[in-house]
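Take a look at the structure set out below.
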Amino acid sequence: MAVTTVSVLGATGSIGTSTLDVLRRNPYAFRVVALTGHGNVDLLESQCREFAPELAVVADAERAADLRQRLAGAGLPTEVDYGAQGLDAAAGADAQITVAAIVGAAGLRPTLTAVARGRRILLANKESLVMGGALFMAAVERSGAELLPVDSEHNAIFQCLPGNFSRGRLVDSGVSRVVLTASGGPFRDWAADALEGVTPEQACAHPNWSMGRKISVDSATLMNKGLEVIEAAWLFGVEPAHLDVVIHPQSIVHSFVEYADGSMLAQLGNPDMRTPIAHALAWPRRIPAGVPPLDLVRLGQLEFRAPDTTRFRCLDFAFRALREGGASGAILNAANEAAVEAFLQHRMPFTRIADIIAAALDEFGGTDAADLDALLALDRDVRSRARAMIAQCAGGVQ
C-alpha cells in the first residue's frame, strides 16, 4: 500500500488531535508532512516528536523560537515557521491530503491556499463555506480539488447520497430533502428564563461531544447547526427549502437523506469525530478509527423533536442568511465569533449572543463582497461594530 502524505492545519484542536489519533492507528498508510498549532506549543512539540513533520507552524515569532529550542537536538527534519506566511507554507505543502481544521474565520485563507493545490481537502472549517461559499466552491472547481466533509453531519450526508448525485441537482438524483441532526446542546431542556444566567463553563459542558470552547458555545445556541446548514447548502448545492434540522439528543443518527420514493437513509455511529475523519482520510476505503461499534440493543431507543427557535434564535438567523445570500453568511459568522468571544470572557450574557447577531444582520444586510480581500474587510468591519455593541452591554456574567 502506498503511503499518503497529510498536512494538518489546526493540529492541536479537537479535530486535529482526533485526526492524529486515526493516523497513529494506521502508521503504514499515512505520513504527516506539516502541522500547525497556533499557541499550544506544549502539545505541538509532542506531536512533532511523534510524527516528525517537515514543517511546524505557530502563531508568532516568540512561540516559534520556543518550539525551535525545544526540538533542537531531537534529530527531527522539522522546520519551524509562524504567522500568516507559515500557515500558507503548511497549506501549500506537498501533501496529498490537507485537513482544514483551523477554527473560525482564521481558517479561510489557508484553506483556500490548500484548495489551490488541487489535492484532497478534508474540510472541518465550516466557516470557509459560511463566509465565502461562492468564492470557495469556485476555487474548488478551478483547481479540481477533491472536497470531503469531516463534520459528522455532512460526512453522514455524503455517505447517504446516491452514487449518481450531482451537486445542485437533487431532483435528478431522486433526493427530496436533506436533514441534519442536532444534539440540542446542554440547554435543550432548559426554560427560557433560566438561560439568562448561563455561565461559559455550563455552555462548554456538551453532553455528547468533546469539542473546543467556541464550537461548544455554538452548539449551546444552535448556531453551530445553523452554520452547518449553510455549509450543507454549499457543499451539496441544496436550496434552503430542501434543508431541515431535527433535535436528536443521543447524537447517534448523524444525518438523513430523504428520497422521492419515500425512502430515508441515515448514517449511525457513536458520537466520535474519528469516524468521519477516518472515512474521509481513506475514502473510498475503510480503515480502523478506534471507535467502538454501536450497541443498538443497549441504546434501546432514539428520540427526535423539532428545534425550538424561540429559545434558540440563532438557527433561524442562519436560514435567513442563506436566503438573503450575498455576504450574509460572513456577517452572521463575524458577529457570532465576536459575541461568543465576549461571552467566554464573561463580558456579555449568553442570551445577548443572538441579539448581537440579529443587529449585525440588520445593519449590514445587503452587503456583498466580490473577492477575498473584500470579504475579509467586511469581516473586520462587522467584528468592530459587534464589539462596539458588546461594549454597551451592562452586567456581564461573573
*Do the conditions hold for Trp190, that is, is it hydrophobic (A, V, I, L, M, F, W, C) and out of contact with any helix residue (DSSP H, G or I) (no Cβ under 7 Å at 6 or more places or on another chain)?*
yes
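Looking at Leu148, Leu122 in this structure, which one is surrounded by fewer than 24 Cβ atoms within 10 Å (Cβ to Cβ) and either over 18 Å from Arg380 (Cα atoms) or modelled with pLDDT of 95 or more (or both)?
Numbers: Leu122 fails: surrounded by fewer than 24 Cβ atoms within 10 Å (Cβ to Cβ).
None of the others qualify; the one that does is Leu148.
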_Any chance Arg274 is in contact (Cβ under 8 Å) with a residue 12 or more places away in the chain and in contact with a Ser or Thr (Cβ under 6 Å, 6 or more places away or on another chain)_ = yes
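Kindly provide the set of residues from segment 256-270 that are part of a loop (DSSP other than H, G, I, E, B), touching a residue at least 24 places away in the same chain (Cβ under 8 Å) and either over 18 Å from Val291 (Cα atoms) or over 20 Å from the mean Cα position of the chain (by Cα) (or both), ordered by number.
Here is the first cut: in segment 256-270, the ones part of a loop (DSSP other than H, G, I, E, B) are 260-263, 269-270.
If we keep only those that are touching a residue at least 24 places away in the same chain (Cβ under 8 Å) too, we end up with 260-261, 269-270.
Selection gives Ala260, Asp261.
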_Checking the structure you have, find out if any residue of segment 298-314 is outside any loop (DSSP other than H, G, I, E, B), surrounded by 15 or more Cβ atoms within 10 Å (Cβ to Cβ) and within 21 Å of the chain's Cα centre (by Cα)._
yes
_Tally of residues being within 18 Å of the chain's Cα centre (by Cα) and surrounded by fewer than 24 Cβ atoms within 10 Å (Cβ to Cβ) across segment 22-50_ = 1
*State all residues of segment 256-282 that are of a type in the set (Val, Ile, Thr) and either surrounded by fewer than 19 Cβ atoms within 10 Å (Cβ to Cβ) or more than 13 Å from Arg25 (Cβ to Cβ) (or both); if no residue qualifies, say none.*
Val257
_Residues of segment 315-364 classified as in a loop (DSSP other than H, G, I, E, B) and of a type in the set (A, V, I, L, M), total_ = 2
*So Ser143, is it modelled with pLDDT under 95 and among the hydroxyl-bearing types (Ser, Thr, Tyr)*: no
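Out of Leu170, Leu180, Leu161, I need the residue that is closer than 21 Å to Val340 by Cβ and among the hydrophobic types (A, V, I, L, M, F, W, C). Which one? It would help to see each step written out before you state the result.
Numbers: Leu170 fails: closer than 21 Å to Val340 by Cβ; Leu161 fails: closer than 21 Å to Val340 by Cβ.
Residue meeting the stated conditions: Leu180.
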*asked:* Between a residue in segment 365-384 that is assigned by TED's automatic domain parsing to the domain that holds Ala338 and assigned to a helix (DSSP H, G or I) and any residue that is at pLDDT 90 or above and not hydrophobic (A, V, I, L, M, F, W, C), which pairs come within a Cβ distance under 6 Å, given they are 6 or more apart or on different chains?
replied: Leu375/Gly132
_Just checking, does segment 278-294 include any residue being in contact with a Phe, Trp or Tyr (Cβ under 8 Å, 6 or more places away or on another chain) and either hydrophobic (A, V, I, L, M, F, W, C) or without any contact (Cβ under 8 Å) to a residue 12 or more places away in the chain (or both)?_
yes
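Do the conditions hold for Ser173, that is, is it polar (S, T, N, Q) and without any contact (Cβ under 8 Å) to a residue 24 or more places away in the chain? Outline the logic, then answer.
Working: polar (S, T, N, Q): yes; without any contact (Cβ under 8 Å) to a residue 24 or more places away in the chain: yes.
Criteria met by Ser173.
Answer yes or no as to whether Ala84 is under 28 Å from Ala145 (Cα atoms), surrounded by fewer than 17 Cβ atoms within 10 Å (Cβ to Cβ) and not hydroxyl-bearing (Ser, Thr, Tyr). Break it down stepwise before answering.
Numbers: under 28 Å from Ala145 (Cα atoms): yes; surrounded by fewer than 17 Cβ atoms within 10 Å (Cβ to Cβ): yes; not hydroxyl-bearing (Ser, Thr, Tyr): yes.
Yes.
If we scan segment 241-255, do we find a residue that is without any contact (Cβ under 8 Å) to a residue 40 or more places away in the chain and either assigned to a loop (DSSP other than H, G, I, E, B) or buried (at least 24 other Cβ atoms within 10 Å of the Cβ) (or both)?
Within segment 241-255, not a single residue is without any contact (Cβ under 8 Å) to a residue 40 or more places away in the chain and either assigned to a loop (DSSP other than H, G, I, E, B) or buried (at least 24 other Cβ atoms within 10 Å of the Cβ) (or both).
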*asked:* Just checking, does segment 105-118 include any residue being crowded, with 23+ Cβ neighbours inside 10 Å, of a type in the set (D, E, K, R) and at pLDDT below 95?
replied: no
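The values are calculated or read from the model by the stated rules, or taken from the named source; none is laboratory data. Every value quoted in this text rests on a predicted model; they were computed, and no experiment measured them. Counting neighbours? That spans all protein chains shown, and the Cβs are built from the backbone with ideal geometry, glycine included.
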